[in-house]
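Right, one structure below, let's go through it.
The values are calculated or read from the model by the stated rules, or taken from the named source; none is laboratory data. Since the model is a prediction, treat every value here as computed from it, not as a measurement. Virtual Cβ from ideal backbone geometry, glycine too; neighbours counted across all protein chains shown.
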């Protein structure tokens, strides 16, 4: 049985990826440092599986090398990262530590391991490294132009991985994905936070005028793309993973309100409220994902409205998920310059 290490597996995308890999009969080792955004709720359905193992470890720790040498993974998916833009504005250091120094340590461990073992590293990144895209869509050759400390730290990690491929010939692939949504996403992020506020009769805070546009992809589609890349992707390549579905923040809010009103009586305080924009807030991200379609025959399968309904229903059926986090991590406003 092939062994796979998933770093950051208590998080949103990582836990969904683990679920997919277990269904495909892989043995999965989940490495996570257990931060504020980690949730054991995300892995409760497979925590007792004989093919699943959890190890608490930060990817910048010395212990990482011992774990890799012990379990000898065929593939490592690196999803360990600080990801919330607003938090990166308040405290950039955490992002430098995890997203740059952590990746550096992982690369050093992997460099030694890959010399003697048949393996590969899939490094998961973001479309935010490309910065504001007012027109067109960004291909893999588009220059990096990050706007936030978060995006800059992810851009640096991508460059590090790419340099190790070129200099040390490590077998690694880099992916850049658009905004994910779906079950198990931390409620500091837009969609689960709006759902939380709807359920708790609170207003729906939207930055600026709500015109900021993102390309949204259902998390299961992203995980399927990662799996396909791990099987057939070319070493040293970058792959954009997107849905080609652009939606503004105001439209997201309106769609969620519509869904809620179909299911129950919405509280009188549940109204869209425009709030002061965060610093360096890019207007638009949009990926050109033709490469993965052409080379690997992957395309997203979940229509946005269907995915949004699945997401809304999951949170309704898992109300205790919200209580597994500190309330201030859901409700507190972050990302204001001090």
If you take the residues in the stretch 300-324 that are part of a loop (DSSP other than H, G, I, E, B) and under 18 Å from the mean Cα position of the chain (by Cα), which one is surrounded by the most Cβ atoms within 10 Å (Cβ to Cβ)? 300
Consider residue 14 against the criteria (1) in a loop (DSSP other than H, G, I, E, B); (2) closer than 18 Å to residue 186 by Cβ: it satisfies all of them except one. Which criterion is unmet? (1)
Return the only residue of 106, 121 being part of a strand (DSSP E or B), at pLDDT 95 or above and in contact with a strand residue (DSSP E or B) (Cβ under 7 Å, 6 or more places away or on another chain). 121
Given the residues 2, 53, which is the only one that is in contact with a strand residue (DSSP E or B) (Cβ under 8 Å, 6 or more places away or on another chain), in contact (Cβ under 8 Å) with a residue 60 or more places away in the chain and surrounded by fewer than 20 Cβ atoms within 10 Å (Cβ to Cβ)? 2
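Rundown of residues vs (1) surrounded by 21 or more Cβ atoms within 10 Å (Cβ to Cβ); (2) in a strand (DSSP E or B); (3) touching a strand residue (DSSP E or B) at 6+ places or on another chain (Cβ under 6 Å), yes/no style:
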{"position": "77", "(1), (2), (3)": "yes, yes, yes"}
{"position": "80", "(1), (2), (3)": "yes, no, yes"}
{"position": "88", "(1), (2), (3)": "yes, no, no"}
{"position": "93", "(1), (2), (3)": "no, no, no"}
{"position": "96", "(1), (2), (3)": "no, no, no"}
{"position": "101", "(1), (2), (3)": "no, no, no"}
{"position": "112", "(1), (2), (3)": "no, no, no"}
{"position": "117", "(1), (2), (3)": "no, no, no"}
{"position": "136", "(1), (2), (3)": "no, no, no"}
Residue by residue through the stretch 11-43, note down the ones that are touching a residue at least 40 places away in the same chain (Cβ under 8 Å), within 15 Å of residue 102 (Cβ to Cβ) and touching a strand residue (DSSP E or B) at 6+ places or on another chain (Cβ under 9 Å). 11, 14, 31, 32, 33
